[in-house]
Every structure is written in C-alpha cells, then in structure tokens.
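Trainee: Mind looking over this structure? Questions follow.
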Amino acid sequence: MRFTPLGLWLTIGCTPIPEKVDETCQDLCDELVMVCGFDAYPSKESCTQGCAYNQEKGADTQGQLECVQAADCALPEIVECEHAFGPPAEADE
C-alpha cells in the first residue's frame, strides 16, 4: 500500500516522533508547507515527522525534494513525486 501525502498525514498520529529530522526533510517540508502551502500538512512539524517516517521505510527524500521543486506547487505533480520517490510498496506490508 502506498501513502499519498494526505494518507501519510493521517497515519503519523500513531507514529513515534523521530529524534532528529535531517536537512533533506527540512527542505522538502519548507517547499511543501512554506512555499506551496500544501494542505495535507497542517504544520511544518507534521510534515517533517511524516518525511522522517517515510525515510525509515526507504523513501528517496532527495529525489522527492528535487521532484517537488520541479513540480512548482502543482498538486498532481506533487502527488506523483510521492508515488515515484516514496517508500517502496513492500515497506508498508
């Protein structure tokens, strides 16, 4: 099963908060929350928690960051970035 950004946001409520979020997640969430105002994340903190969770599951957050920046805040493209660079499907099983 693959999470969309909204689906991911709904699951992080049960996810332990990572101790430290790396710079790539910070940059990705700056783009999603601060630049694009992406509604799936109510705050940058919720985004970074979801990003750290995805990293633990094998997501390519650097690739996703580059993809999201190229998407220029277009929602369909941002969702495609999550599908292309999010955690592998077997990571959710």
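Trainee: Within region 37-85, take every residue that is under 16 Å from residue 22 (Cβ atoms) and among the small types (Gly, Ala, Ser) and give me the one that is surrounded by the most Cβ atoms within 10 Å (Cβ to Cβ).
Mentor: 50
Trainee: Quick check on my filter: what residues within region 28-57 are more than 12 Å from the chain's Cα centre (by Cα) and not in a helix (DSSP H, G or I)?
Mentor: 36, 37, 39, 42, 43
Trainee: Scanning for something out of contact with any strand residue (DSSP E or B) (no Cβ under 8 Å at 6 or more places or on another chain), at pLDDT below 95 and in a helix (DSSP H, G or I), does region 63-73 turn up at least one residue?
Mentor: No; the residues of region 63-73 include none that is out of contact with any strand residue (DSSP E or B) (no Cβ under 8 Å at 6 or more places or on another chain), at pLDDT below 95 and in a helix (DSSP H, G or I).
Trainee: Then there's this: Scanning for something at pLDDT 95 or above, farther than 15 Å from residue 83 by Cα and either aromatic (Phe, Trp, Tyr) or surrounded by 13 or more Cβ atoms within 10 Å (Cβ to Cβ) (or both), does region 6-23 turn up at least one residue?
Mentor: No, region 6-23 has no match at all.
The values are calculated or read from the model by the stated rules, or taken from the named source; none is laboratory data. These numbers come from a predicted model, not from an experiment. Counting neighbours? That spans all protein chains shown, and the Cβs are built from the backbone with ideal geometry, glycine included.
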